[in-house]
Amino acid sequence: MSHSALDSGPAAAGSTAALDPEPGQPKAATAPPVRKRRRSFLPYGLILPAAILELLIHIGPMLLGIWIAFISLTQLNLTNWLNAPFVGLQNFVNGLNPESTIGQAFFSTVGRTLGYTVLVVGFSWVLGMAGAVFLSSNFKGRAVLRTFFLVPYALPAYVGTIAWAFMFNQRDGAVNQILVDTFHLFGDERPFWLLGENSFGAMIVVNVWQLWPFAFLMLMAALQNVPTDVYEAAAIDGASLWQQFRTITLPMVRPANGVLLMVMSLWTFNQFNIPFVLFGASSPKEATLISPLIYQNSFGSWNFGLGGAMSVLLLIALFIASVFYIRMVLPKGADND
Amino acid sequence: MIETRNFRILRNVVLTILSLWVAIPLYVVVSTSLKPLKDVSGLFQWIPREITASPYLDIWTTVPLAKYFQNSLIITICATACSVTVAVLAAYAIARLQFKGKRAFSLTVLSTQMFPGILFLLPLYLIFTQIRNMTGLQLQGSYLGLIITYMTFTLPFAIWMLSGYFASIPKELEEASMIDGTGRMGALFRVILPVAKPGIIAVAVYSFISAWGEVLFASVLTNEATKTLSLGLKAYASESDVFWNQLMAASVVVSLPVLIGFILVQKHLVAGLSAGAVK
């Protein structure tokens, strides 16, 4: 915008920079541009397609999503939604009152989703780390195993879930075949895995199976930078394997770890595909996560306002998380470029 | 770590467990896809009593699988190609050019990556409805609606990864080319793109895999004519019966394009991910 002012020369540039409403750019004020800067549309031309898409598919819908929480939208006025009546905070009051059934369901779902996230990310990280540590040394078959471990991640998510749904079959599935028939667990009773309380655990198993290769991939990339002579020196000093892991491996992956855990947590917290394929459009109440709950409220019971109110709360929570995420991802110096 | 005997034993144990954990579901899928229907309804048989290829033939007639396949291919290929093109341009601007609003743009792109599809689903549906009412352009139930949705959803990651990748390419390479009179865009296409090929391939594969496996938007934005594979597979389960053997055979067939693509470019993917994402 103010780049045109820079054309008139260094002196004018200094003064406009001082008036610059954006505070985060002291550079221009301290170092007057020596080179003549041509006003260029090139960068804007380059980002234009991305910016339009972001506006149309991300920013616009996000703002509209906030608006939906304040109107009364039903299947009757869905196609004529511009004329839906404004109801203020009604949707929040009705739906998110902790005294009401719906409100209780919402808050317990948030808690359940948090617990789910911690468990899935925790297990995935441990498995990924185990794979990365033991595949970082060279041996025959290493390349094959590395590719093989990534297969669950590369498969379409619904294929992995369909496979597990088949295995969790109550009567005859492979899981009960192993646990009940082979190991005689559960007093030879065949538990239901996709109904009631067990469904929560079953969903975790499926999610870890699909997610752990990503942790494995990222941790392996991080471990490639660890020089082997560090381990040699530690081994000569008599450090046990566990000590080597704790004092050398763990600190080396720490920089990558923050981003990895953050990304995996977000994906898991927002999980929709697995429950949708495993249970259909409505999950058992013990295994309902936040995304499926919003889906059920919007497209199952056609209560779009309620779905909208829940979405707004989720949006706020994720927005706070995203601030931390961006701090982690963007290196500090890059801010003032 | 140092390869003591204990380390090797531990490694064998851990890797065996991990391999079984990955392999068992895959084995169940493949072995079930080769069984006749009468053998899949009873107790699960680890070793098939009878092997048949007929599920692989039947899947095409039980359900219009070829049609779904075609839909998925069109949508995924278009979305991937567009997403990579748009991302390359934007990532180049972020990595190499100075402009006002750059920080705001990068932050917006990065932060939209955080939000789940469910937050966009209903608003997007309403916007598409409004566009139809106003212009007659049909975005629900058409390829176009899903293509622009999918390409936008893979954009943030693609831009982020590619700008990291471009930034790691020495500036001198481009400058030499620009002195030769190619200009910025010439330098981008003749110098940067060939060097950044691994990163671009990684981004393309990532976009392809995400669009190929997407369920949520497909469930609302497609109709019978544009249904993608992710929803089409449900048709093997009727009210009375699930054709598990055919469902598994179809799963194998549907997975092959992404699996083959993934294995071919796997090395690039790891390199691209670690260059763009970890650092």
- Query: For chain B, what is the relative contact order in percent, using Cα pairs closer than 8 Å and at least 6 residues apart in sequence?
  - Reply: 29
- Of A:L179, A:P275, B:P198, farthest towards positive along the dipole that unit charges on Lys, Arg, Asp, Glu beta carbons give the protein assembly as shown: B:P198
- Message: At q = 0.11, 0.12, 0.14 Å⁻¹, what log₁₀ I(q)/I(0) does chain B have when each alpha carbon counts as one equal point scatterer in the Debye sum?
- Response: -0.84, -0.94, -1.11
- Mind sorting A:T101, B:T108 by how few other Cβ atoms lie within 10 Å of their own Cβ, fewest first? A:T101, B:T108
- Item | A:V93/B:K100 FRET efficiency (R0 35 Å; Cβ-Cβ; nearest 0.05) | 0.25
- Note on the structure: With R₀ set to 56 angstrom, the calculated FRET efficiency between the beta-carbons of A:L55 and B:W21, to the nearest 0.05, is 0.80
- Note on the structure: A student applying the Cα gyration tensor rule (rounded when a/c is under 1.5; otherwise prolate if a/b is larger than b/c, oblate if not) would label the range B:52-135 prolate
- Message: Using a 10 Å cut-off around each Cβ, can you sort B:V109, B:V265, B:V13 from fewest to most neighbouring Cβ atoms?
- Response: B:V13, B:V265, B:V109
- Kirkwood hydrodynamic radius over Cα pairs of the range A:204-337, then Stokes diffusion coefficient at 37 °C and 0.692 mPa s, in µm²/s: 180
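Calculate the dipole size of the protein assembly as shown relative to its Cα centre from +1 charges on Lys and Arg beta carbons and -1 charges on Asp and Glu beta carbons; express the result in debye to the nearest 20. Intermediate values should be presented prior to the final figure.
Values: 37 positive and 28 negative charges, 294 e Å.
Here the size comes out at about 1420 debye.
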- Item | Rg(Cα)/(2.2 N^0.38 Å) for the range B:46-87, N = residue count | 1.88
- Shape descriptors of chain A over alpha-carbon atoms, Rg and Dmax in angstrom, are 26.5, 87
- Task: Compute the distance in nm between two label points, each set 7 Å from the Cα along the Cα-to-Cβ direction, one at A:L42 and one at B:T52.
- Result: 6.5
- Query: Counting alpha carbon pairs within less than 8 Å and at least 6 residues apart, what relative contact order, in whole percent, applies to chain A?
  - Reply: 23
- Task: Answer with one residue from B:G261, B:Q140, A:G103: the one whose Cα lies farthest towards the positive end of the charge dipole of the protein assembly as shown, charges on Cβ with Lys, Arg +1 and Asp, Glu -1.
- Result: B:G261
- Message: As a quick test, which of the pairs B:K171/B:K197; B:K67/B:K234; B:K102/B:K267; B:K100/B:K197; A:K140/B:K35 have an alpha carbon distance above 24 angstrom in this structure?
- Response: B:K102/B:K267; B:K100/B:K197; A:K140/B:K35
- Note on the structure: Shielding of B:23-30 by other chains, given as the mean Cβ count within 10 Å, works out to 6
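If you take the Cα Rg of the range B:108-260 and divide it by 2.2 N^0.38 Å, with N the number of residues, what do you get?
So the range B:108-260 has a normalised radius of gyration of 1.38.
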- Stretched out fully, how many nm does the piece from B:I263 to B:A176 gain, at 0.36 nm a residue minus the Cα gap? 27.8 nm
- Task: Report the charge-dipole magnitude of the range B:167-261 in Debye, nearest 20, computed about the Cα centre from +1 at each Lys and Arg Cβ and -1 at each Asp and Glu Cβ.
- Result: 120
- If contacts are Cα pairs under 8 angstrom and at least 6 residues apart, what is the relative contact order of the range A:197-304 in percent? 32
- Message: Sort B:32-38, B:101-107, B:225-231 by the packing proxy (mean of other Cβ within 10 Å over each peptide's residues), most packed first.
- Response: B:225-231, B:32-38, B:101-107
- Task: Take each of the peptides A:126-134, A:49-57, average the number of other beta-carbon atoms within 10 Å over its residues, and list them starting from the highest.
- Result: A:126-134, A:49-57
- Message: Using Cβ contacts closer than 10 Å as the measure, can you line up A:I290, B:I77 from fewest to most?
- Response: B:I77, A:I290
- Taking the Cα centre of chain A as the origin, how large is its charge dipole in debye, to the nearest 20, when only Lys and Arg (+1) and Asp and Glu (-1) carry charge on their Cβ atoms? 920
- Note on the structure: The simple spin-label model distance between B:L144 and A:Q243, using points 7 Å out along Cα→Cβ, in nm, is 6.8
- Message: Just to be sure I understand the curve: with the Debye formula and one point per C-alpha of the range A:54-141, what is log10 I(q)/I(0) at q = 0.12, 0.19, 0.21, 0.23 Å⁻¹?
- Response: -0.66, -1.00, -1.06, -1.10
- Item | Mean-position separation - Cα centroids, the range A:119-141 and the range A:214-291, in angstrom | 8
- Query: Rg/Rh for the range A:121-211: what does it come to with C-alpha atoms and Rh from Kirkwood?
  - Reply: 1.05
- Once the convex hull of the C-alpha atoms of the protein assembly as shown is built, how many Å³ does it hold per residue, rounded to a whole number? 202
- To the nearest 0.05, the calculated FRET efficiency linking B:R8 and A:V118 through their beta-carbon distance, R0 being 25 Å, is 0.15
- Note on the structure: Placing +1 on each Lys and Arg Cβ and -1 on each Asp and Glu Cβ in the range B:21-110, then taking the dipole about the Cα centre, the residue among B:L97, B:L73, B:L107 whose Cα reaches farthest towards the positive end is B:L97
- Label-point separation, A:I316 to A:R171 (7 Å along Cα→Cβ), nm: 5.0
- Based solely on C-alpha atoms, express the radius of gyration and the Dmax of the range B:128-206 in angstrom. 18.2, 53
- Summarise the long-distance tail of P(r) for the range A:224-282 by giving the % of C-alpha pairs beyond 17 Å. 58
- Message: Taking loop as defined by DSSP and a crowding limit of 12 other beta carbons within 10 Å, which trypsin sites (Lys or Arg not before Pro) in the range A:86-145 fit?
- Response: A:K140
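All of the numbers you see were taken from the coordinates with simple rules; none came from a lab. Predicted model, so just to flag it, every value in this text is computed and none were measured. Ideal geometry is used to build each Cβ from the backbone, glycine not excepted, and the neighbour counts take in all protein chains shown.
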